[in-house]
Amino acid sequence: MANRPATSDDSCRTPEAAVQNKIEPAGRLACLGATAVDLLVVLVVFSLAFLLLFSALDTMIRPGTFEVFLIPILALILGGVVFFAINFHLLRRHGQTVGKYAFKIRIVRSNGSPAEMWRILLAGIIRCRHNEIYDTVVVRA
């Protein structure tokens, strides 16, 4: 077969094929480190939300009432919205979360093109291997 230029339809299905296309898959240690950083970001965001809500609502809440549970519930909601907004923006623009940015890795299609947001979200929600179902791979940025 003659060499032909890659088209947008050409896609490799395995990390090994990605390497042949000059895409360097991210190592397991980098993915683990990125997950650890993302968990740290979750902890920081939820802690800040809790502290802000606690300082704002402290004078309004009476000890021993149901209102005491209001602060952690609101902190979970506010922290979740902030964390989701940050990561959604970064994933949509760069294919990276904060942790992936810190470890210089990102999610792309197996042919090297940017991954669509629906592929990234479904792969994250279902927790499958990226390259098997959604034609994505985590690579060095």
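Computed from the coordinates by the stated procedures, all read-outs in this text should not be read as laboratory data. Predicted, not measured: the structure shown is a model, and the values here were computed from it. Methodologically, a virtual Cβ is constructed for each residue, glycine included, from the backbone with ideal geometry; neighbour enumeration extends over all protein chains shown.
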Among Ala56, Leu29, Gly99 the positive-end extreme of the charge dipole of segment 15-140 (Cβ point charges): Leu29
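Could you order the peptides 67-73, 109-115, 33-39 from most to least packed, using the average number of other C-beta atoms within 10 Å per residue? Please report the intermediate quantities before stating the final value.
Values: 67-73: 13.0, 109-115: 18.6, 33-39: 16.0.
Highest to lowest by the protection proxy: 109-115, 33-39, 67-73.
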J(HN,Hα) series, segment 67-76, from Karplus relation 6.51 cos²θ - 1.76 cosθ + 1.60, nearest Hz, glycine and proline x: 4, 4, 6, 5, 4, x, 5, 5, 5, 5
Per-residue HN-Hα couplings for segment 77-94 [Karplus 6.51, -1.76, 1.60; θ = phi - 60°; Hz; x = Gly/Pro]: 5, 5, x, x, 5, 5, 4, 5, 5, 4, 5, 4, 4, 5, 5, 5, 7, 10
Fewest-first sequence of Phe84, Phe46, Phe66, Phe103 by Cβ atoms within 10 Å of each Cβ: Phe66, Phe84, Phe46, Phe103
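For a quick protection proxy, order the peptides 85-91, 57-63 by their average other-Cβ count within 10 Å, most packed first.
For the peptides 85-91, 57-63, the packing ranking is 85-91, 57-63.
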